[in-house]
Amino acid sequence: MLSFDQCADQYVLALSPRETIAGVSTRADDADSRLRALAGGLPRTRVDLETALAARPEVVVRFWGGDPRLLRALERRGVRVVTVDEADDFADVRANIRKVATALGQPARGEALVRDMDARLARAAGAWKGERVLYLTPSGVTTGPGTLVNAVLTWSGLTNVEQRPGYQSVSLEGLALSPPNAVVLGFFDTFQLAGDTWGPGRHRVLKRAVQGRTLASLSGALLGCPYWGAAEAAELLSLKAPR
């Protein structure tokens with residue numbers, strides 16, 4: 001088994017016996033890789049035909065890694081390419097887990113992962129009882145219906161004030177004039193690591209808008225891929241809810 005990008009790494013590391021993993025991506029042990037501890041000692045592979053063929057995988061798993069020409073070349077040589085699909089809700093995540101687990105010959109591991117995810121969701125369900133919240137990233141982006149982050153918020157009982165679908169920009173002027181009652185932050189941990197001194201996340205207006213209003217700050221490792229980390233995020237959110 002071979003994974004072509006950081007999101008695919010999470011699936012391969014979680015579902016494949018270690019001895020069957022021919023390689024993981026060069027980002028498998030980055031700080032925002034949720035399962036980076038499992039990547040230690042595994043080969044890191046570049047995303048090119050020569051490297052992939054040298055690893056002799058039966059299956060390649062990818063989300064965004066690998067261009068169409070490379071993928072077609074692998075398939076012509078008998079390598080099965082499995083693509084993790086974008087996920088807008090937890091049903092999509094379940095479908096991804098089962099799809100990849102079946103391709104890897106590990107359906108039992110896949111079902112165990114689904115059960116763990118569903119247990120986390122059961123514990124998180126409705127905890128916030130409708131509290132209105134704005135989701136915010138360091139780049140000044142929020143999200144509305146039709147995204148996995150929105151599913152995280154609503155599952156844990158939060159009402160997302162952003163009702164435009166997909167990902168949307170939030171103006172600093174809007175935050176200054178009408179600060180939200182409550183916010184959930186995402187990716188601020190990786191933002192700090194990146195050392196971006198110019199992004200909106202450094203601006204004093206944004207800092208004032210979130211000060212004293214932040215319900216939780218969720219790790220980029222939980223939100224950056226269409227996978228079960230989103231259920232962990234929902235569970236973490238629920239633990240912050242008043243009892």
Region 1-58 - percent relative contact order, Cα under 8 Å, separation 6 or more = 37
Cα pair distances exceeding 18 angstrom across region 51-99, given as percent = 36
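Strictly greater than 19 Å: what percent of every Cα pair in region 62-217 meets that? Intermediate values should be presented prior to the final figure.
Values: 7765 of 12090 pairs.
Summing the P(r) of region 62-217 above 19 Å gives 64 percent of all pairs.
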query = Residue farthest toward the positive end of the dipole of the chain, with Cβ of Lys/Arg at +1 and Asp/Glu at -1: which of 49, 214, 138?
reply = 214
note = In the chain, helical segments from DSSP H whose Cα atoms cover 18 Å or more along their own axis and that average at least 0.0 on the Kyte-Doolittle scale are 90-103
ask   = Around residue 84, with a cut-off of 11 angstrom between Cβ atoms, what is the net charge of the other residues, counting Lys and Arg +1 and Asp and Glu -1?
value = -3
note = Per residue, accessible area of the chain with a 1.4 Å probe, heavy atoms of protein chains only, in Å², comes to 48
key: region 1-120 - percent of accessible surface contributed by carbon and sulfur, probe 1.4 Å   = 48
note = Correct response: the longest run of the chain lacking exposed GluC sites (Glu not before Pro), defined by DSSP loop and at most 15 other Cβ within 10 Å, is 87-243
With all protein chains modelled, accessible area of residue 30 [1.4 Å, Å²] = 50
request  = Can you pull a Stokes-Einstein diffusion coefficient for region 84-162 at 20 °C (1.002 mPa s), Rh from Kirkwood over Cα pairs, as a whole number of µm²/s?
outcome  = 155
request  = First obtain the Kirkwood hydrodynamic radius of region 6-117 from its Cα pairs, then insert it into the Stokes-Einstein equation at 20 °C and 1.002 mPa s, and state the resulting D in µm² per second as a whole number.
outcome  = 149
remark   = Restricting to Cα pairs under 8 Å and 6 or more apart, the percent relative contact order of the chain works out to 19
key: Neighbourhood charge, 11 Å Cβ-Cβ cut-off, centred on residue 64 and excluding it, Lys, Arg +1 and Asp, Glu -1   = -2
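The values are calculated or read from the model by the stated rules, or taken from the named source; none is laboratory data. What you see is a predicted model, and the numbers here were worked out from it, not measured in a lab. Quick reminder, even Gly has a Cβ in these numbers, built from the backbone with ideal geometry, and neighbours come from all protein chains shown. Keep in mind that these areas ignore ligands, DNA and RNA; they rest on the heavy atoms of the full protein, side chains included. Shrake-Rupley method; radii C 1.70, N 1.55, O 1.52, S 1.80 Å.
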